[in-house]
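Trainee: Sharing a structure below in structure tokens format, with a few things to ask.
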Amino acid sequence: MASRFSGALQLTDLDDFITPSLECIKPIEIPKSKAKTGAKIKIQEDGAYVELNESGTSEKLQKVEITLADCLACSGCITSAESVLVTQQSQEELLRVLQENQNFRENGKQEEARFIVVSLSVQPVLSLAERYGLDPESATRKLAGHFRQLGADMILDMTAADDFSLLESAREFIERYKSSQDNVKGQIPMLASSCPGWVCYAEKTHGNFILPYISVTKSPQQVMGSLVKYHLTKYKGLPPERVYHISVMPCYDKKLEASREDFYNELKQTRDVDCVITSIELENMLISQGVSLNDVESGEIDRPFGAYNKEQSDKILWGHQGSGSGGYAHFIFQYAAYHLFQEANTTVEFKNLRNPDFKEAVLEKDGKILLRFAIANGFKNIQNLVQKLKRGKSPYHYVEVMACPSGCLNGGAQIRPQDGLQPRELAAKLETVYHSLPLSKPEENCVTLSLYTTWLEGEHSDKSAAFLHTQYHEIEKMNTALAIKW
Amino acid sequence: MGSLELKQSLSGHKGRVWNVCWHPKGNSLASCGEDRTIRIWANESSKWVVKTILAEGHQRTVREVSWSPCGNYIASASFDATTAIWDKKAGQFECNVTLEGHEHEVKSVSWSRSGQLLSTCSRDKSVWIWEAADDEYECASVISCHAQDVKKVKWHPHEDTLASASYDDTVRIFKEDAYSDWVCTATLNSHTSTVWSLSFDSTGNRLATCSDDKTVKIWQEYKPGNEAGISTENNESVWKCCCTLSGYHSRPIYDIDWCKLTGLIATACGDDIIRIFREDTDSNPNQPSFSMVCTTDDAHTQDVNSVQWNPVVPGQLASASDDGLVKIWLYSE
């Protein structure tokens, strides 16, 4: 089966001899009880290891478990044992939690049940809509209905989080641009941060050289995580750990993002996003239940923070101008043209360069190029960008970097094309649908604007920084005896 | 039976020599090895002498060297995960470009016939294609198609078609599609162990591969609408194994070269022997037969790592070995 991780992450792997990779440095924790010698270990028929005590009794031994978070902290490998690593972020785990919840409720233990929130991002909705021949709005409602049947308490769309990410990225860009004018190093180009495959690759492979350039703005998934766990909970009167937050995403790399230590609250022992489920996994869940999305009863999208605006309060799914990956380059370009150069309503035209996954747009005034933006999708273009940066030959102010060719609409865990269609043809089809959606303008989104006041105590506040920004960590290459090279 | 006569033994490398490559004009030879150097040898008054030692390019073993078709550049693949491009613009060979990107040891490097494309492959399981323009190299593709370490890449002699050989026992053929993505158009399954190397014949319609399974296999390309009536899919050629040479080699075969001038096939084997094969005169094109026409015991005192026919002088062969030597041979009937 093809991997659902992006190409950038697959390459960071090496498993010619053992799995996990020979460079895995997970310090395996062995809880010492008391010193024993000469213990006998038996392997049961089911593969479980059992220790035989001197008294003749037996004790089942614990398996060593490697979590996704461990893997993120290691430079050795990442995806060599997908099946082992993603267990805590799988459809099985999701169904287990839902079942557990149902049991609590049936047994009158309402107070132990968790409040289950599902956040739907737009790319998987379009993927499933295409797969089942539905229009995007119906697909959204059907998915809402499906999750509600499974026991979810609240279904949210992510437009507010998308718009937070866009606005914060644009403001960050303005600050970086001004700092770079004052000769502060490491500001420009600003590189997009919403693709976790790219971020993970940068941390593992290029470390402190590249990390200062990556935007500190959180991705929409993680903005949503903060919003659900630290605002919605207050409003609902629940502690964050009582909420189980599921996000629906177009790629497996998002599971890695959700597993980052930066998004884990040690005190409360809870993650901002507990479980990431992808388009392809949703399709599998439907297939294994013998259900077609077409036959699922529609449900409603919840709006705990109000509607986008009064005029279009019936709209539940929004797109953005620009790329199907969220339109970062497009929005930041227009925002910067206006806020830096007083150019209002600029038309942004991204032109293909060497290949359709490398596009460029410039803002020109009086024969002078003021802004040069690029969109670089896929691993080969990431390579060329990084090498250009290393040689000091990058002419760009901002680059929207996404690890998958064609960007997020062609995410690694989007549903595979049917009937011999090429992945690029399918991505183009999804892009057409994406651009037919009502367009969200981040500066006009009433939900985002009101949340700045009600949740974040204003723009540029400490709370905004805490909830909307993050940081990156260089992962040093290991030099273990096992990894010795000649 | 023909014979292979040793013309000269070239010493100088410290430690094993991994690879030899002839200049396209056939008048000089590059070799590389464990000592992290590239040596360039030339023939002066009928003796081969070392002309240049390039020592500053790589941090670790240099695994393969390749002259560009114009003869002005050398590309070198190293276990330090980089590929260096050397040119002579300043009079002496200098490394002016380093291609970075592979995560682990680069195993092989090959120029396309036009010299505008370069391919590299690595232990990181990927095959990379680079576009060269005005001494700038841009990555045109990263192909993660093989399941294991990729040992060798070679371009087709006339088309922009690439073949790769891997530890996953397969050979794969790649072409550029309509979206300027490089895609695998054929997978050649038949070897039962690592495929170490491969070589196209002069037409490019046949491919010889050698393996850790001690066999050489000859593959025939069948294009869409071929006369033999072999069915093809998606308007792409299929490659069929039309001949297996087994029972000749007693150890893994590390390299193979199909001479574009004479049609002779030379193999480099872990049993220290260089063997030469030729297609039989009465051979059926769809089921060809080959015979061994020469075997040179103790060609080297250790594993033979590389063999290559001179592209201009018929019968002249260079070899490289773990014994630290490069040897120049002449085959005669």
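Trainee: Answer with one residue from B:Leu29, B:Gln220, B:Ser332: the one whose Cα lies farthest towards the positive end of the charge dipole of segment B:3-332, charges on Cβ with Lys, Arg +1 and Asp, Glu -1.
Mentor: Result: B:Ser332, furthest along the dipole toward the positive end.
Trainee: Tell me, how many Å apart are the Cα centres for segment B:42-60 and for segment B:172-197?
Mentor: 34
Trainee: Still on this structure, I have one more. Hey, which lysines would be in cross-link range of A:Lys393, C-alpha to C-alpha under 18 Å, not counting anything within fewer than 8 residues on its own chain?
Mentor: Straight-line reach from A:Lys393, under 18 Å: A:Lys185, A:Lys359, A:Lys380.
Trainee: May I pose another question? Do any of B:Lys125/B:Lys214; A:Lys142/A:Lys429; A:Lys351/A:Lys441; B:Lys88/B:Lys151 go past 25 Å between their Cα atoms, and which? Don't skip to the answer; put the middle values down first.
Mentor: Numbers: B:Lys125/B:Lys214 23 Å; A:Lys142/A:Lys429 21 Å; A:Lys351/A:Lys441 23 Å; B:Lys88/B:Lys151 28 Å.
The pairs that break the limit, which is 25 Å between Cα atoms, are B:Lys88/B:Lys151.
Trainee: Whole Å is fine, so just give me how far the alpha carbon centre of segment A:269-338 lies from that of segment A:403-472.
Mentor: Computed from Cα coordinates, the inter-centre distance equals 8 Å.
Trainee: A follow-up question, please. Ranking B:Trp219, B:Trp128 by Cβ neighbours within 10 Å, fewest first, what do you get? Could the numbers behind the result be given before it?
Mentor: Details: B:Trp219 23, B:Trp128 26.
Listing B:Trp219, B:Trp128 from fewest to most nearby Cβ atoms yields B:Trp219, B:Trp128.
Trainee: Also: Given segment A:143-197 reduced to its alpha-carbon atoms as identical point scatterers, what log10 I(q)/I(0) does the Debye formula return at q = 0.21, 0.25 Å⁻¹?
Mentor: -0.84, -0.96
Trainee: Amide H of B:Gly33: which non-local residues (sequence gap of 5 or more, or other chain) have their own amide H closer than 5 Å, using H built in the peptide plane?
Mentor: Amide H neighbours of B:Gly33, under 5 Å, 5+ apart: B:Trp18, B:Val62.
Trainee: Right, here's the next one. Please report, in debye to the nearest 20, how large the charge dipole of the protein assembly as shown is about its Cα centre when each Lys and Arg carries +1 at its beta carbon and each Asp and Glu carries -1 there. Don't skip to the end; give the middle numbers.
Mentor: Values: 84 positive and 110 negative charges, 241 e Å.
Rounded to the nearest 20 debye, it is 1160 debye.
Trainee: Oh, and also: To make sure I understand, if each residue's beta carbon is the centre and we count other beta carbons within 10 Å, what order do B:His158, B:His249 fall in, fewest to most? Numbers along the way, then the final one.
Mentor: On the way: B:His158 12, B:His249 22.
Final ranking by Cβ density, sparse to dense: B:His158, B:His249.
Trainee: A follow-up question, please. For segment B:185-212, list residues with backbone N below 11 Å from a point placed 7 Å from the Cα of B:His158 toward its Cβ?
Mentor: So the set is B:202-206.
Trainee: Here is a further query. Looking at the protein assembly as shown only, what percent of DSSP beta bridges run antiparallel? Nearest 5 please. Intermediate values should be presented prior to the final figure.
Mentor: Working: 137 of 160 bridges.
Roughly 85 percent of the beta bridges in the protein assembly as shown run antiparallel, per DSSP.
Trainee: What is segment A:129-172 by shape, rounded, prolate or oblate, if you read a ≥ b ≥ c off the alpha carbon gyration tensor as root eigenvalues and call it rounded for a/c under 1.5, prolate for a/b larger than b/c, and oblate otherwise? Present the calculation step by step, with values, prior to reporting the outcome.
Mentor: On the way: a/c = 4.58, a/b = 1.80, b/c = 2.55.
Verdict is oblate for segment A:129-172.
Trainee: Given charges of +1 on the Cβ of Lys and Arg and -1 on the Cβ of Asp and Glu, with all other atoms neutral, how large is the dipole of segment B:3-332 about its Cα centre, in debye to the nearest 20?
Mentor: Numbers: 31 positive and 45 negative charges, 168 e Å.
The dipole magnitude comes to about 800 debye.
Trainee: May I ask for the equivalent-ellipsoid semi-axes of segment B:185-333, computed as the square root of five times each C-alpha gyration tensor eigenvalue and listed largest first in whole Å? Mind dumping the intermediate values first?
Mentor: Numbers: eigenvalues 154, 55, 34 Å².
Equivalent ellipsoid semi-axes, largest first: 28, 17, 13 Å.
Trainee: How do A:Ser288, A:Ser127, B:Ser68 rank when sorted from fewest to most other Cβ atoms within 10 Å of their own Cβ?
Mentor: Working: A:Ser288 10, A:Ser127 28, B:Ser68 21.
Ordered by Cβ neighbours within 10 Å, fewest first: A:Ser288, B:Ser68, A:Ser127.
Trainee: Once R0 is set to 51 Å, what does the formula 1/(1 + (r/R0)^6) return for the Cβ-Cβ distance between B:Ser193 and B:Gln59, expressed as a FRET efficiency to the nearest 0.05? All intermediate terms of the calculation are to be shown ahead of the outcome.
Mentor: Numbers: r = 30 Å, r/R0 = 0.60.
Efficiency for this residue pair is about 0.95.
Trainee: Between A:Tyr264 and A:His469, what is the FRET efficiency for a Förster distance of 22 Å, r being their Cβ-Cβ separation, to the nearest 0.05? Before the final figure, lay out the partial values.
Mentor: On the way: r = 16 Å, r/R0 = 0.74.
Working from the Cβ atoms, E equals 0.85.
Trainee: Can you give the three extents of the C-alpha atoms in the protein assembly as shown along their principal axes, from longest to shortest, in whole Å?
Mentor: 91, 88, 58
Trainee: Using alpha carbons only, how many angstrom separate the centre of segment B:110-162 from the centre of segment A:179-224?
Mentor: Going from one Cα centre to the other spans 30 Å.
Trainee: Quantify how strongly other chains surround peptide B:136-143 by giving the mean number of their Cβ atoms within 10 Å of each of its Cβ atoms. Provide the component values of the computation, followed by the final result.
Mentor: Details: counts 4, 2, 10, 10, 4, 5, 10, 2.
Mean shielding by partner chains, rounded to a whole number: 6.
Trainee: Quick one: grab Rg to one decimal and Dmax as a whole number for segment A:194-282, Cα atoms only, in Å.
Mentor: Every Cα atom of segment A:194-282 included, Rg and Dmax give 14.1, 44 Å.
Trainee: Now for a separate question. If R0 is 35 Å, what FRET efficiency do you get for A:Gln289 and A:Leu238 from their C-beta distance, rounded to 0.05? Each step should come with its number before you reach the end.
Mentor: Details: r = 29 Å, r/R0 = 0.83.
Rounded to the nearest 0.05, the efficiency is 0.75.
Trainee: Relative contact order for segment B:3-332 using alpha-carbon pairs under 8 Å, separation at least 6, rounded to a whole percent? Write down the numbers at each step before the final one.
Mentor: Details: 990 pairs, mean separation 48.6, N = 330.
It rounds to 15 percent for segment B:3-332.
Trainee: Next up: Over all Cα pairs of segment B:3-332, how is the pair count split among 10 Å bins, expressed in % and running from 0 up to the last occupied bin?
Mentor: With a bin width of 10 Å, the distribution comes to 6, 28, 37, 23, 6, 0.
Trainee: As a check on your grasp of the helix formula, calculate [θ] at 222 nm for the protein assembly as shown: sum -39500 (n - 2.57) over DSSP H runs of n ≥ 4, divide by the residue count, round to the nearest 500. Display every interim value, and only then the final one.
Mentor: On the way: 18 runs with 172 residues, N = 819.
Calculated from helices alone, the mean residue ellipticity at 222 nm is -6000 deg cm²/dmol.
Trainee: Which net charge results for the neighbourhood of B:Asp35, defined as the other residues with beta-carbon distances under 11 angstrom from its beta-carbon, given Lys and Arg at +1 and Asp and Glu at -1?
Mentor: Details: positive: B:Lys14, B:Arg16, B:Arg36, B:Arg39, B:Arg60; negative: B:Glu34.
Here the charged neighbours net out to +4.
Bear in mind that the values in this text are calculations on the coordinates, not laboratory data. Predicted, not measured: the structure shown is a model, and the values here were computed from it. FYI the Cβ positions are ideal-geometry reconstructions off the backbone, even for glycines, and counts take in every protein chain you see.
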